[in-house]
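All remarks here apply to the structure that follows.
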Amino acid sequence: MIAYLQGTILEVKEESLILVCGGVGYEVNMARGSLAELEAGREAALYIAESISPYDGTVLYGFLAKEDKELWTLFKTAIPNTGAKKALEFLNKALRSVADFHNAIIKRDPKILTGIFGFTSKTAEKLITSLKDKMDAVSIQGSAKIKVMDDAPYMSEVLEALTALGYSAAEARRAIEQLYQNGVQPNEKIENIITQALRVLKK
């Protein structure tokens, strides 16, 4: 079983790359966010997981960090009806901020999963139900980028309002991050905070 590959990147595709190791090119599927950090011609070291597909045979999945592989494995094994490819889609969204994703699951707040990470309401509930008692077993990399859960629970309402108005998860996340940088006051009315967020989005 292949567990780790180190070599030169021959080509970066939309959902995979070709990594040349010892003259052999391996096609490795990866999260799009991870692929965005890589370039053809550069060296790369990847943690590898193998999955057997009835159509494609053995498929390789690559991860930039051991923790990413652990989280992907958890998605695949703990969430019902989740195969390797779907687990990679979940991982791609969670990698926006693993610490915040972890907090959202532990606090059982689907609004953060939908507003920040872009999961549907149905999938958010599924993730919480499946992972709420298992997330602590996964190593968490990085610090929280959006301290919604502990520092500002009122931000859940702001997120819900922004997505209800048609803004994307990425746009809502940008607005929230900017509000924190601006030093938003938690004792302000929700309506005022939403107004501030909308001003950020319209710039």
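Filtering Phe117, Phe101 for residues that are among the aromatic types (Phe, Trp, Tyr) and assigned to a helix (DSSP H, G or I) leaves a single hit, Phe101. Within the stretch 179-193, the set of residues being at pLDDT 80 or above and surrounded by 15 or more Cβ atoms within 10 Å (Cβ to Cβ) comprises Ile193 only.
With respect to the stated conditions, Lys69 is more than 29 Å from Val158 (Cβ to Cβ), outside any strand (DSSP E or B) and modelled with pLDDT of 95 or more.
A search for C-beta distances below 9 Å between a residue of the stretch 97-122 that is under 14 Å from Ile140 (Cβ atoms) and any residue that is at pLDDT 90 or above and not in a helix (DSSP H, G or I), counting only pairs 6+ apart in sequence or on different chains, returns Phe101/Leu95; Ile105/Lys132; Ile105/Lys134; Ile106/Lys132. Scoring Leu88 on the criteria (1) modelled with pLDDT under 95; (2) out of contact with any strand residue (DSSP E or B) (no Cβ under 6 Å at 6 or more places or on another chain) leaves a single failure, condition (1). Just one of the numbered conditions (1) touching an Asp or Glu at 6+ places or on another chain (Cβ under 8 Å); (2) under 30 Å from Glu171 (Cβ atoms); (3) surrounded by fewer than 20 Cβ atoms within 10 Å (Cβ to Cβ) is not true of Tyr47: (2).
Of note, Ile112 satisfies the criterion of being buried (at least 17 other Cβ atoms within 10 Å of the Cβ), under 25 Å from Ala197 (Cβ atoms) and either modelled with pLDDT under 90 or among the aliphatic types (A, V, I, L, M) (or both). Hey, any hits in the stretch 147-154 for a residue that's modelled with pLDDT of 75 or more, open to solvent by 70 Å² or more (accessible area, probe 1.4 Å) and of a type in the set (Asp, Glu)? There is no residue in the stretch 147-154 that is modelled with pLDDT of 75 or more, open to solvent by 70 Å² or more (accessible area, probe 1.4 Å) and of a type in the set (Asp, Glu). Here Val59 meets each of (1) over 14 Å from the mean Cα position of the chain (by Cα); (2) open to solvent by 30 Å² or more (accessible area, probe 1.4 Å) with one exception, condition (2).
Checked against (1) at pLDDT below 90; (2) open to solvent by 10 Å² or more (accessible area, probe 1.4 Å), Ala78 passes all but a single condition, namely (1). Pairing each residue of the stretch 175-187 that is closer than 13 Å to Glu157 by Cβ with any residue that is part of a loop (DSSP other than H, G, I, E, B) and at pLDDT 70 or above, provided the two are 6+ apart or on different chains, yields C-beta distances under 8 Å for Ile176/Ile116. Looking only at the stretch 1-33, filter to residues that are out of contact with any strand residue (DSSP E or B) (no Cβ under 7 Å at 6 or more places or on another chain) and not basic (Lys, Arg); which one of those is least open to solvent (accessible area, probe 1.4 Å)? Per the stated criteria, the residue is Ala31.
Consider Ala78 carefully, then state whether it is closer than 25 Å to Gly25 by Cα and touching a residue at least 12 places away in the same chain (Cβ under 8 Å). Considered against the rule, which asks whether it is closer than 25 Å to Gly25 by Cα and touching a residue at least 12 places away in the same chain (Cβ under 8 Å), Ala78 comes out as no.
The values are calculated or read from the model by the stated rules, or taken from the named source; none is laboratory data. The structure displayed is predicted, hence computed values, not measured ones. Note: ideal-geometry Cβ built from the backbone for every residue, glycine included; neighbour counts use all protein chains shown. The area values use the complete protein model at the heavy-atom level, side chains included, leaving out ligands, DNA and RNA. Shrake-Rupley method; radii C 1.70, N 1.55, O 1.52, S 1.80 Å.
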